[in-house]
Amino acid sequence: MLPRSGVRAAGLALLAGLILPSFGSAAPTPGGAAAGSFVVYVGTFPGANSKGIYRFSFDARTGMPSPAVLAAETPKPGMIALHPNGRFLYAANETDEYQGKPGGSISAYAIREGGQLDPLNVKASGGPGPCFIAIDPTGRCALVAHYRGGSVSALPIGPDGRLGDVATLIQHTGAGIDAERQTHAYAHWIAPDPGNRHALACDLGLDKVICYGFDPATATLTRNDPPFARVRPGSGPRHLAFHPNGRWVYVISEMGSTITLFSYDGARGSLQEIQTVSTLPDDYAGTSTGAEIAVHPNGQFVYGSNRGDDSIVVFAVNRNSGKLKLVQRQPTLGRTPRGFAIDPTGRWLLVGNQDADEVRVFQISPDSGRLAPTADAVGIGAPVCFVFLARR
């Protein structure tokens with residue numbers, strides 16, 4: 001563990017003007033990332049110590065967080081997303097009922113000076129259990145995945161940040177080979193590709209990464225040809241992350257505890273499997289599931305989390321092929337790392353230990369990508385998702 005004095009003394013070369021698309025937990029960061037000061041918003045699951053969306057300040061020059069405060073009270077805002085202009089924040093409320101009807105909801109907030117969230121409006125998401133939300137780079141559309149509903153939807157966003165009614169709703173159909181976990185479709189993730197011409201969706205129940213044509217101006221999703229790529233049967237694809245080059249896609253599977261590398265053709269919206277690696281040790285005998293995945297902003301490292309093994313696995317990326325080579329498995333010093341995020345400077349990794357009610361800070365080696373725990377932690381009930389907003 002790095003002592004606080006050592007962390008403060010360590011030099012930091014900030015990446016000036018960094019604005020990179022990130023399709024994992026960390027959102028694009030509008031504004032002056034070079035300043036190194038951020039507001040971090042945290043989506044949470046229900047619990048004795050959780051009431052909604054929290055926020056804290058984070059100094060990327062030192063890796064030091066402030067204590068957390070409640071930014072907005074809302075039901076089960078596990079996944080949150082930032083508008084590209086940095087003025088609005090959105091939360092997927094993972095409930096099964098909204099206004100007396102089946103289905104979850106999406107909440108929109110205006111970000112005020114100081115970081116507090118003011119409610120704008122709430123809209124039905126289109127299905128039960130919305131478990132992921134992404135905002136397209138133009139800021140005109142929100143994409144939503146429904147875990148229990150097995151569907152994906154698209155909602156328009158107005159210039160004032162308010163959400164419109166669902167414009168597109170697509171129900172996934174079918175089942176996987178696992179008679180307990182894959183009885184029907186379980187859409188788990190959806191976001192635009194780097195070109196904003198297609199959207200990719202991970203469906204845990206179908207063992208598919210599904211590709212759609214995408215028009216953010218009309219919040220429209222359409223069938224693509226080819227329509228999907230498969231992962232190994234019974235794997236349960238959960239989340240994915242694009243490499244900064246836009247040509248490689250890394251998919252973490254929940255049930256199989258694997259990461260699969262695909263090549264990606266952005267013109268066609270097609271995926272071709274290259275490699276699949278385990279996130280767990282060969283001799284691991286316990287129960288564990290894959291959760292979050294992120295690619296380092298420099299494209300040299302990939303990170304994945306294991307719930308059960310309670311670790312972050314680190315891989316080096318071959319710069320020619322995109323293939324992964326194991327570097328490290330780092331314990332998260334807490335239970336159930338459902339979500340984590342790399343700060344926009346690429347120097348720190350924040351882990352949400354859901355069942356320990358805390359966020360842990362790890363320092364990233366710029367040379368090897370290895371993680372080293374610091375002495376810092378932030379108390380937040382059931383933390384799940386993180387987005388960074390650069391302070392203006």
Pairs with Cβ under 9 Å, 6+ apart, first in the stretch 53-69 and assigned to a strand (DSSP E or B), second at pLDDT below 95 and hydrophobic (A, V, I, L, M, F, W, C):
Met64/Val7
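Quick check, is Arg238 touching a residue at least 40 places away in the same chain (Cβ under 8 Å) and of a type in the set (Lys, Arg)?
Details: touching a residue at least 40 places away in the same chain (Cβ under 8 Å): yes; of a type in the set (Lys, Arg): yes.
Taking the combined requirement at face value, the residue satisfies it.
Okay, residues lined up against (1) farther than 25 Å from Val361 by Cβ; (2) of a type in the set (Gly, Ala, Ser); (3) under 16 Å from the mean Cα position of the chain (by Cα):
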{"residue": "Phe56", "(1), (2), (3)": "no, no, no"}
{"residue": "Met64", "(1), (2), (3)": "no, no, no"}
{"residue": "Thr95", "(1), (2), (3)": "yes, no, no"}
{"residue": "Gly127", "(1), (2), (3)": "yes, yes, no"}
{"residue": "Asp136", "(1), (2), (3)": "yes, no, yes"}
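Within the group Ser278, Ser253, Ser257, Ser270, which residue is surrounded by fewer than 18 Cβ atoms within 10 Å (Cβ to Cβ) and not β-branched (Val, Ile, Thr)? Full working, then the answer.
Working: Ser253 fails: surrounded by fewer than 18 Cβ atoms within 10 Å (Cβ to Cβ); Ser257 fails: surrounded by fewer than 18 Cβ atoms within 10 Å (Cβ to Cβ); Ser270 fails: surrounded by fewer than 18 Cβ atoms within 10 Å (Cβ to Cβ).
Criteria check complete, one pass: Ser278.
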Anything in the stretch 114-128 that is in contact with a Gly (Cβ under 6 Å, 6 or more places away or on another chain), closer than 30 Å to His172 by Cα and surrounded by fewer than 24 Cβ atoms within 10 Å (Cβ to Cβ)? List them, or say none.
Ala124, Pro128
Answer with yes or no whether Gly379 is within 23 Å of Val39 (Cβ to Cβ), surrounded by fewer than 22 Cβ atoms within 10 Å (Cβ to Cβ), at pLDDT 95 or above and not acidic (Asp, Glu).
yes
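From the list Val378, Val313, exactly one residue is assigned to a strand (DSSP E or B) and over 20 Å from His239 (Cβ atoms). Which is it?
Values: Val313 fails: over 20 Å from His239 (Cβ atoms).
Result: Val378 is the single residue among Val378, Val313 that is assigned to a strand (DSSP E or B) and over 20 Å from His239 (Cβ atoms).
Go through the stretch 230-303 and tell me which strands (runs of 3 or more DSSP E), entirely inside it, have 2 or more residues that are among the β-branched types (Val, Ile, Thr).
Values: elements: 237-242, 248-253, 258-265, 270-278, 289-295.
Qualifying strands (runs of 3 or more DSSP E): 248-253, 258-265, 270-278, 289-295.
Do the conditions hold for Ile170, that is, is it modelled with pLDDT of 95 or more, over 24 Å from Arg238 (Cα atoms) and not hydroxyl-bearing (Ser, Thr, Tyr)? Spell out the reasoning first.
Working: modelled with pLDDT of 95 or more: yes; over 24 Å from Arg238 (Cα atoms): no; not hydroxyl-bearing (Ser, Thr, Tyr): yes.
Taking the combined requirement at face value, the residue does not satisfy it.
I need a count of the residues in the stretch 331-362 that are assigned to a strand (DSSP E or B), buried (at least 19 other Cβ atoms within 10 Å of the Cβ) and not β-branched (Val, Ile, Thr).
Initial filter on the stretch 331-362 (assigned to a strand (DSSP E or B)): 331, 337-342, 348-353, 358-362.
From what is left, the residues that are buried (at least 19 other Cβ atoms within 10 Å of the Cβ) are 337-342, 348-353, 358-362.
Right, trim to not β-branched (Val, Ile, Thr) and you get 337-341, 348-350, 352-353, 358, 360, 362.
Looking only at that region, the number is 13.
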Please find, within the stretch 163-197, the residue that is surrounded by the fewest Cβ atoms within 10 Å (Cβ to Cβ) out of those that are in contact (Cβ under 8 Å) with a residue 40 or more places away in the chain and of a type in the set (Val, Ile, Thr).
Ile177
Of (1) over 21 Å from Val361 (Cα atoms); (2) at pLDDT below 50; (3) surrounded by fewer than 16 Cβ atoms within 10 Å (Cβ to Cβ), Lys101 satisfies every one except (2)
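Can you find a residue that is among the hydroxyl-bearing types (Ser, Thr, Tyr), surrounded by 17 or more Cβ atoms within 10 Å (Cβ to Cβ), assigned to a strand (DSSP E or B) and more than 16 Å from the chain's Cα centre (by Cα) anywhere in the stretch 198-221?
Here is the first cut: in the stretch 198-221, the residues among the hydroxyl-bearing types (Ser, Thr, Tyr) are 212, 218, 220.
From what is left, the residues that are surrounded by 17 or more Cβ atoms within 10 Å (Cβ to Cβ) are 212.
Filter once more, keeping what is assigned to a strand (DSSP E or B): 212.
Pick out the ones that are also more than 16 Å from the chain's Cα centre (by Cα) and you get 212.
Yes, there is a match, as at least one residue in the stretch 198-221 is among the hydroxyl-bearing types (Ser, Thr, Tyr), surrounded by 17 or more Cβ atoms within 10 Å (Cβ to Cβ), assigned to a strand (DSSP E or B) and more than 16 Å from the chain's Cα centre (by Cα).
Give the residues of the stretch 212-224 that are over 29 Å from Ala179 (Cα atoms) and free of Cβ contacts under 8 Å to residues at least 12 places away in the same chain, sorted by residue number. Talk me through it step by step, then tell me what you get.
Residues of the stretch 212-224 that are over 29 Å from Ala179 (Cα atoms), as a first pass: 213-222.
If the condition is that a residue be over 29 Å from Ala179 (Cα atoms) and free of Cβ contacts under 8 Å to residues at least 12 places away in the same chain, then Asp215, Thr222 are the ones that fit.
The values are calculated or read from the model by the stated rules, or taken from the named source; none is laboratory data. Since this is a predicted model, take the numbers as computed values, not measurements. Methodologically, a virtual Cβ is constructed for each residue, glycine included, from the backbone with ideal geometry; neighbour enumeration extends over all protein chains shown.
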